[in-house]
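So the structure is just underneath, and the comments pick up after that.
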Amino acid sequence: MYLTKKMKRRAEDDGIFCSCCPSSAQSAVCDKDCLCGMLLSSCSKSCKCGNLCANKPFQSRPVKKMKLVKTEKCGSGLVADEEIKQGDFVIEYVGEVIDDKTCEERLWKMKHRGETNFYLCEINRDMVIDATYKGNKSRYINHSCQPNTEMQKWTIDGETRIGIFATRDIKKGEELTYDYQFVQFGADQDCFCGTAGCRQKLGNKPSKSDVALQLVLCEMAASSPTVQALLHAKDDFPEGRSEMGCLYLSFPCKKKTSFQNCIGEVVRIWCRHGKRYYGGVIAEFNSYSRKHTIINEDGLIIILDLSKEDWDLL
């Protein structure tokens, strides 16, 4: 279900087909050697193989039988209720398709409510599948550092869809798992998969992510002579904002309790005007005015009362 503007399908997307040719001796065509399948693209309605085409995992193959169970340490989970062969299509990951802005807003609302379970899967850099409110059994598949399934992005008639496929033979009664492979930004989360190759922690710490880039930019800005001179100026900037070159930004934001002992920490702050979050480094705290000096990734100096802002440490 798309909650954002759906990309228009191109006419040429309906004409994608392979070079496979059916013969009287074959019960199915477009198998593992199908060019479209190798490219993770389902054969379209124009496929010359017709009803014999086997490269339509989302349209033709039935969902595997699965059973919802309670696990000892990982909450709900899914176990196979039938034998599953390596390479088999297990289930499609479905939910509400939202854009990055909506995704970010939802994450912050859930975090403020104290929720810890998120069912988000990125389709591309602009779209995310959110199975929190609407979805299927796929959202209950738990993480494992040595999983028995994997997520694959397929192109179906010009649209990107997410399928879960078995990476090995799975016995009936065995729990279904895949590697979440998400990037962890907050506190570490323990992994309870119990496999021999368990990494002990969920996710990976960001390396070349946007947040890391923001940190580098902020540190570069903080160490510049211009910024240092501004930081040690006698007078505060009026109304919690400052100009540097042609850049200008103010933060009329939401409420949250601030911390005093966080100098040097990287934060992100909600800007209602821009309707997005901006990264920055906390440079100073004025105990008299109770305001913090923030340097954002553009080198802009901002004076804020963090007790009145919606912000978070990264």
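Have a look at 133, 140 and point out the one that is in contact (Cβ under 8 Å) with a residue 24 or more places away in the chain, loosely packed, with under 14 Cβ neighbours inside 10 Å, out of contact with any Pro (no Cβ under 6 Å at 6 or more places or on another chain) and more than 30 Å from residue 29 (Cα to Cα).
133
When region 30-85 is filtered for residues that are within 30 Å of residue 173 (Cβ to Cβ), among the hydroxyl-bearing types (Ser, Thr, Tyr) and not in a loop (DSSP other than H, G, I, E, B), only 76 remains.
The conditions of being touching a strand residue (DSSP E or B) at 6+ places or on another chain (Cβ under 7 Å), among the aromatic types (Phe, Trp, Tyr), part of a loop (DSSP other than H, G, I, E, B) and surrounded by fewer than 16 Cβ atoms within 10 Å (Cβ to Cβ) are not met by residue 180.
Residues to consider are 159, 150; find the one that is closer than 22 Å to residue 80 by Cα and either among the charged types (D, E, K, R) or at pLDDT below 85 (or both).
Of the residues listed, the single one that is closer than 22 Å to residue 80 by Cα and either among the charged types (D, E, K, R) or at pLDDT below 85 (or both) is 150.
Looking at 269, 295, just one residue is at pLDDT 80 or above and either acidic (Asp, Glu) or part of a strand (DSSP E or B) (or both), and that residue is 269. Scan region 113-125 and give yes if some residue there is of a type in the set (Asp, Glu), out of contact with any helix residue (DSSP H, G or I) (no Cβ under 8 Å at 6 or more places or on another chain) and more than 19 Å from residue 86 (Cβ to Cβ), otherwise no. Yes, the conditions are met somewhere in region 113-125. Has region 61-68 got any residue that is over 25 Å from the mean Cα position of the chain (by Cα) and over 27 Å from residue 194 (Cβ atoms)? Looking for residues that are over 25 Å from the mean Cα position of the chain (by Cα) and over 27 Å from residue 194 (Cβ atoms), one finds at least one in region 61-68, hence yes.
The values are calculated or read from the model by the stated rules, or taken from the named source; none is laboratory data. Everything quoted here is computed from the prediction, not taken from an experiment. Positions of Cβ are backbone-derived with ideal geometry, glycine not excepted, and every protein chain shown enters the neighbour counts.
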